[in-house]
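Read the structure below first, then the notes.
The values are calculated or read from the model by the stated rules, or taken from the named source; none is laboratory data. Bear in mind the structure is a predicted one, so any value in this text is a computation, not a measurement. All Cβ positions, even for glycine, are placed from backbone atoms using ideal geometry, and neighbour counts span all protein chains on display. Note: accessible area is taken over every heavy atom of the protein model, side chains too, but ligands, DNA and RNA are not part of it. Shrake-Rupley method; radii C 1.70, N 1.55, O 1.52, S 1.80 Å.
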Amino acid sequence: MNELNKISLQILSGGKGILAADESTGTMTKRLESVNVPSNEKNRLSFRKALFSSESMKNCIGGVILYDETIKQTDGSKSITELINENGAVAGIKVDTGAKTLSGSPEEKITEGLDGLRERLKEYYKLGARFTKWRGVYNISETYPSKLCIHSNAHALARYASLVQECGMVPIVEPEVLMDGDHSADVCYKKTSEVIKRCFEELVIHKVDLSGVILKPNMILDGAKSKKKINSEEVADLTLKCLNESVPKEIPGIAFLSGGQSEVQATENLNLINKKNNTNFIMTYSYGRALQQGALKYWSKNIEDITGTQKVFNHRANMCSLAAKGKWSKELELQN
Ligand code: 5MM
């Protein structure tokens with residue numbers, strides 16, 4: 001087994017998933033201000049440290065994605081990557097520099113960050129990162145995502161993934177087709193399939209070793225503003241159909257983003273995907289909001305109550321881990 005494949009499996013196997021704690025300072029500020037906590041370096045670290053040192057890290061979290069600010073912070077004499085490693089997980093880092101207006105199709109986005117990436121990767125490796133993340137963003141409408149958006153983001157994702165592997169780390173490839181809009185799940189299925197297929201075509205052209213890549217896709221859902229909503233069984237069927245048809249078999253695993261679903265919805269859908277999983281892929285989570293929302297809300301009421309915050313996070317992480325094994329139920333969800 002090659003080293004990158006080994007790291008991927010260490011992150012994803014045995015009901016473990018990924019905690020996406022890589023909010024840029026702008027996004028983290030929105031999250032903190034939404035619960036009336038001032039966004040400063042101390043508070044951002046304090047909330048994140050509570051999660052990284054919680055009990056569920058050992059059995060439920062195989063990897064944590066960090067933001068540049070966090071990977072350079074310390075917990076006393078320990079670096080944050082050491083804290084994460086001590087608690088049983090692999091440290092990762094978001095390396096894109098954000099989604100910017102796509103020239104030629106100004107209503108769409110292209111993710112930037114390739115300039116100087118090789119040097120930044122070497123620095124992150126030294127800081128303890130062993131995997132990375134880059135997110136391409138796609139909107140659905142009658143005309144979008146355009147071919148231009150699909151092709152240019154796939155190209156950037158492939159160049160990124162190739163550089164990351166050269167540096168000895170596992171790239172998470174995240175093409176996120178947003179759930180904004182009133183489109184149907186069928187449209188989401190068609191567009192997501194096109195986006196994912198194009199990404200893998202580019203990864204192959206760029207000679208990326210697929211056995212050392214983690215795919216982080218959206219589930220197949222109706223648009224958030226669509227009047228009709230398919231049920232979780234249909235979400236699971238369409239998501240599995242899409243991934244079976246679009247993802248090369250060499251990929252070790254798939255870790256879904258939650259994309260604005262509620263915590264329970266994202267857990268229930270993942271559970272059904274695993275119950276019905278007819279692929280060879282590990283299917284798990286790489287959730288940001290769907291792992292953190294409850295804990296953030298609790299913490300915001302008393303930011304000194306780390307034990308209580310960890311209790312809320314542990315429950316959520318345990319539920320996600322059960323879902324990654326297809327063993328979650330509504331009854332277990334209520335046992336708290
Ligand atoms: C954690 O949020 C990440 C976005 O940060 P920025 O927008 O500040 O760059 C995001 O990429 C996240 O990792 C994924 O979308 C998954 O998060 P959700 O909340 O969709 O599960």
Exercise. Restricting attention to the range 239-273, report how many residues are closer than 12 Å to T192 by Cβ, within 13 Å of the ligand (Cβ to nearest atom) and among the acidic types (D, E).
Key: 0
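Here's the yes/no breakdown for (1) touching a helix residue (DSSP H, G or I) at 6+ places or on another chain (Cβ under 6 Å); (2) acidic (D, E); (3) surrounded by fewer than 20 Cβ atoms within 10 Å (Cβ to Cβ):
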residue: Q265; (1), (2), (3): no, no, yes
residue: L291; (1), (2), (3): yes, no, no
residue: G294; (1), (2), (3): yes, no, yes
residue: W299; (1), (2), (3): yes, no, no
residue: F313; (1), (2), (3): yes, no, no
residue: K327; (1), (2), (3): no, no, yes
Quiz prompt | Test set (1) away from the ligand (no atom under 16 Å from the Cβ); (2) farther than 16 Å from S246 by Cβ; (3) crowded, with 19+ Cβ neighbours inside 10 Å - L148 fails condition number | solution = (3)
Quiz item: Counting residues that are open to solvent by 30 Å² or more (accessible area, probe 1.4 Å) and over 23 Å from L127 (Cα atoms), which strands (runs of 3 or more DSSP E) fully inside the range 3-111 reach at least 2?
Solution: 99-102, 105-111
Quiz item: Which residues, taken from the range 203-220, are within 16 Å of the ligand (Cβ to nearest atom) and of a type in the set (A, V, I, L, M)?
Solution: I214, L215, M219, I220
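Only one of these is within 16 Å of the ligand (Cβ to nearest atom), basic (K, R), modelled with pLDDT of 95 or more and under 24 Å from M319 (Cβ atoms): K100, K133, K49, K109. Name it.
Details: K100 fails: under 24 Å from M319 (Cβ atoms); K49 fails: within 16 Å of the ligand (Cβ to nearest atom); K109 fails: under 24 Å from M319 (Cβ atoms).
Only one candidate qualifies: K133.
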Quiz prompt | the range 143-170 residues that are at negative phi, paired with ones that are in a helix (DSSP H, G or I) and of a type in the set (V, I, T) (beta carbon under 7 Å, 6 or more apart) | solution = P145/V195; I150/V195; A158/I205; V170/I7
Quiz item: Only one of these conditions is not met by S141: (1) within 16 Å of the ligand (Cβ to nearest atom); (2) farther than 19 Å from L257 by Cβ; (3) part of a loop (DSSP other than H, G, I, E, B). Which number is it?
Solution: (1)
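Within the group T284, T239, T192, which residue is within 19 Å of V64 (Cα to Cα) and of a type in the set (V, I, T)?
None of the other options fit; the residue is T284.
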Quiz item: In the range 1-16, is there at least one residue being within 15 Å of the ligand (Cβ to nearest atom) and in contact with a Ser or Thr (Cβ under 8 Å, 6 or more places away or on another chain)?
Solution: no
Quiz item: Under the condition of being surrounded by 15 or more Cβ atoms within 10 Å (Cβ to Cβ) and over 12 Å from the mean Cα position of the chain (by Cα), which residue from the range 276-289 is nearest to the ligand (Cβ to nearest atom)?
Solution: M283
Practice problem: Search the range 182-206 for residues that are farther than 10 Å from G223 by Cα and pair each with any residue that is assigned to a loop (DSSP other than H, G, I, E, B) and not polar (S, T, N, Q) when their beta-carbon atoms are under 6 Å apart and the residues are at least 6 apart or on different chains. | Solution: Y189/I220; K191/I140; F200/P248
Quiz item: Considering the range 161-192 alone, what residues qualify as being touching a helix residue (DSSP H, G or I) at 6+ places or on another chain (Cβ under 7 Å) and open to solvent by less than 10 Å² (accessible area, probe 1.4 Å)?
Solution: A161, V164, M169, V170, P171, V173, P175, V177, A185, T192
Quiz item: Does any residue in the range 246-261 that is open to solvent by 20 Å² or more (accessible area, probe 1.4 Å) and modelled with pLDDT of 95 or more come within less than 8 Å, Cβ to Cβ, of a residue that is within 13 Å of the ligand (Cβ to nearest atom) and not in a loop (DSSP other than H, G, I, E, B) six or more places away or on a different chain, and which pairs are these?
Solution: G260/R289
